[in-house]
Amino acid sequence: MSKTPQQFLPLPDSTYLILAALIEPCHGYGIMQQAASVNASGIKLGPGTLYTALGKLIEQGLIQPQGESADGNERRKLYRLTPLGREVVELECHRLAALVEWGRGKLQSKEVTL
């Protein structure tokens, strides 16, 4: 049975951040830096959590290794989205945008009194 993007939704926040970071190929440290730059998320991806998640995402067919990059004296494994992974990110973006739009509409339709 083939996998459909819908079966992965909703994504946990950390998984969404990892997949979105991989819209362009990136190494693990770069993914952690991108996640840290989203200050409002409150999510901190440590190496153990990240590399466990990367292994699971590879098994699910959402990402795949893409060689190595030379970063100074270090060689770092690169990862990239698969076509299925890209579809999952796109669907999750639409799902989250719809939730935000609905919430904003609710806030705008009622005056909040304290």
Examine the range 47-59 for a residue that is surrounded by 13 or more Cβ atoms within 10 Å (Cβ to Cβ), under 13 Å from the mean Cα position of the chain (by Cα) and of a type in the set (Val, Ile, Thr), and state whether such a residue exists. no
Residue under evaluation Gly28, criteria (1) over 14 Å from Arg86 (Cβ atoms); (2) free of Cβ contacts under 8 Å to residues at least 40 places away in the same chain, criterion not met: (2)
What is the one condition in (1) modelled with pLDDT of 85 or more; (2) over 17 Å from Leu9 (Cβ atoms); (3) outside any helix (DSSP H, G or I) that Gly30 does not satisfy? (3)
If I filter the range 37-46 for residues that are surrounded by fewer than 19 Cβ atoms within 10 Å (Cβ to Cβ), farther than 28 Å from Ala98 by Cβ and modelled with pLDDT under 95, do I get at least one hit? yes
Can you run down the residue pairs with Cβ atoms below 9 Å, 6 or more apart or on separate chains, where the first is in the range 89-102 and in contact (Cβ under 8 Å) with a residue 12 or more places away in the chain and the partner is loosely packed, with under 11 Cβ neighbours inside 10 Å? Leu91/Gln6
Filter the range 79-105 down to residues that are farther than 18 Å from Gln60 by Cβ and under 13 Å from the mean Cα position of the chain (by Cα) and give me whichever is surrounded by the fewest Cβ atoms within 10 Å (Cβ to Cβ). Cys93
Any chance Arg76 is under 27 Å from Phe8 (Cβ atoms), surrounded by 10 or more Cβ atoms within 10 Å (Cβ to Cβ), modelled with pLDDT under 95 and basic (Lys, Arg): yes
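The values are calculated or read from the model by the stated rules, or taken from the named source; none is laboratory data. Computed from a predicted structure; not experimentally measured. Don't worry about glycine lacking a Cβ; one is built from the backbone with ideal geometry, like all the others, and counts go over all protein chains shown.
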